[in-house]
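Before any comments, here is the structure.
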Amino acid sequence: MPHTRSVSICIYLGAGSRYESEAQAGVSHFIEHLCFRGTEKRLSAKDISGAIEGVGGVLNGGTDKSSLSTGAKSPSPIFSWL
């Protein structure tokens, strides 16, 4: 849609249950959740999601056997706040 402006970012890492020992089981999924915990500018997960979802964007993450991903997309150029 040429009249629509949007932005999308996604980060993929080679991590997941395939690379975890029994003692490390779940570490990749835990790291995925840490990506949404907060930053110096946005102190909580609510602050992070509010900045993106407040302008109609979507924030998501996932972990599977061989990858960990986190990303955001928005119908407007919101990443000037980074």
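The values are calculated or read from the model by the stated rules, or taken from the named source; none is laboratory data. Please read these numbers as outputs of a predicted model, since none were measured by experiment. Positions of Cβ are backbone-derived with ideal geometry, glycine not excepted, and every protein chain shown enters the neighbour counts. Calculation scope for accessible area: heavy atoms of the full protein, side chains included, ligands and nucleic acids excluded. Shrake-Rupley method; radii C 1.70, N 1.55, O 1.52, S 1.80 Å.
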Exercise. Could you please tell me which pairs satisfy a Cβ distance under 9 Å, a separation of 6+ or placement on different chains, a first residue in the stretch 30-53 that is over 18 Å from Cys10 (Cα atoms), and a second residue that is open to solvent by 100 Å² or more (accessible area, probe 1.4 Å)?
Key: Lys41/Leu82; Ser44/Arg37; Asp47/Lys41
Quiz item: Residues in the stretch 48-69 that are open to solvent by less than 70 Å² (accessible area, probe 1.4 Å) and farther than 15 Å from Val7 by Cβ: how many?
Solution: 10
Self-check item: Residue list for the stretch 4-25, restricted to those being farther than 9 Å from Thr63 by Cβ and part of a loop (DSSP other than H, G, I, E, B)
Solution: Thr4, Arg5, Ser6, Gly14, Glu20, Ser21, Glu22, Ala23, Gln24, Ala25
Exercise. Could you list, in sequence order, all residues of the stretch 19-28 that are in contact with a helix residue (DSSP H, G or I) (Cβ under 8 Å, 6 or more places away or on another chain) and either touching a residue at least 24 places away in the same chain (Cβ under 8 Å) or of a type outside the set (Gly, Ala, Ser) (or both)?
Key: Tyr19, Glu20, Ser28
Quiz item: Among the residues of the stretch 37-44, is any outside any loop (DSSP other than H, G, I, E, B) and modelled with pLDDT of 85 or more?
Solution: no
